[in-house]
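Notes to accompany the following structure.
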Amino acid sequence: ALGRIDYRFPADDALWRARLPVVILALGLGALVWRWGGALAAGTGGLLALVGLCLEPNLLGHGHLATLDLPVTALWWAALWSWRRTLLLESEHAPAPLVARAALPFALLFAAAALTKFTGLLLWPAAAVAMLAVLPGVRTRARAGAWLLVAAAVFVLAAHAAYGFGPARWGLPEQLLAGLQGKAVHRDEVRFAYLAGRRSETGFLAYYGVAILLKFPLPLLLLAGAGTAGLCREAFRRGADRAAAARARLEVVLLGIPAALVVMVFTLVRV
């Protein structure tokens, strides 16, 4: 909109302008993964995480295309990073202004991710489950839950702004609800599916599990497994420092629950 580019622009003339934001977001995702890896394991953690991202063919394949897959991925991870900071500050009973500096970016990034692609809507339940899993005490959870309500309100306001404050139903733009309804119809359509020599018109529950094993580089899967095992060992090791164990549990939950939720939802959808 700022570049005054017609939505139906001739691809060959202006495609680079549509690809440029995706490339910038891909670089931003790399910087974020590098920083998160450094937080997980000081020293080589950030470098290993960045190398893993740079050698991941799915990210490389989508990191320069004028599509929404890489943008929603970058926004997803940025939102989780902000929510991670929010939960850390809440667990340490930090002053409200400090918590707000982490929680407000989460609200904005959640809205941006959900309006970029409907997959971003899964961030909200993932953040809620992570909050319940790692924060102790009713009052601490209530404070963090209030920020989740703020994030929901920001999403609703941003959705109306994105759709031009048109007709609404159930508090949301009718066009957004029509898009979600279209996804539900798409899920139930009969289509040809193929997996490991078998054909189906209803999909395969095993499809995404097999696809993850086949489409991700095996060294990356092995590194991910080793890193997860190390975090779990730190989180539940007897005699471990309480603060370090709590931090490790937070990392396990924030890295594991959203990933499991995404795979579960797509597996059940069978598309």
(request) Being under 21 Å from residue 150 (Cβ atoms) and not in a helix (DSSP H, G or I) is the filter; apply it to segment 62-96 and report the residue that is least open to solvent (accessible area, probe 1.4 Å). (result) 94
(request) Would you be able to tell me the number of residues in segment 163-196 that are open to solvent by 70 Å² or more (accessible area, probe 1.4 Å) and in contact (Cβ under 8 Å) with a residue 24 or more places away in the chain? (result) 3
(request) Look through 128, 74, 103 and report the one residue that is free of Cβ contacts under 8 Å to residues at least 24 places away in the same chain and within 26 Å of residue 157 (Cα to Cα). (result) 128
(request) Give me the pairs, please: first residue somewhere in segment 134-160 and free of Cβ contacts under 8 Å to residues at least 12 places away in the same chain, second residue anywhere and hydrophobic (A, V, I, L, M, F, W, C) and surrounded by fewer than 17 Cβ atoms within 10 Å (Cβ to Cβ), beta-carbon distance under 7 Å, and either six or more positions apart or on two chains. (result) 141/132
(message) Looking at 95, 105, can you tell me which residue is farther than 19 Å from residue 248 by Cβ, more than 13 Å from the chain's Cα centre (by Cα), modelled with pLDDT of 90 or more and not acidic (Asp, Glu)?
(response) 105
(request) For segment 221-255, enumerate the residues that are more than 22 Å from residue 44 (Cβ to Cβ), surrounded by 15 or more Cβ atoms within 10 Å (Cβ to Cβ) and of a type outside the set (A, V, I, L, M, F, W, C). (result) 249
(message) Could you tell me how many of the residues in segment 108-158 are buried (at least 17 other Cβ atoms within 10 Å of the Cβ) and part of a loop (DSSP other than H, G, I, E, B)?
(response) 1
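The values are calculated or read from the model by the stated rules, or taken from the named source; none is laboratory data. Predicted model, so just to flag it, every value in this text is computed and none were measured. Every residue, glycine as well, gets a Cβ built from its backbone with ideal geometry; the counts of neighbours run over all protein chains shown. Heads up: the accessible areas ignore ligands, DNA and RNA and are worked out on the full protein's heavy atoms, side chains in. Shrake-Rupley method; radii C 1.70, N 1.55, O 1.52, S 1.80 Å.
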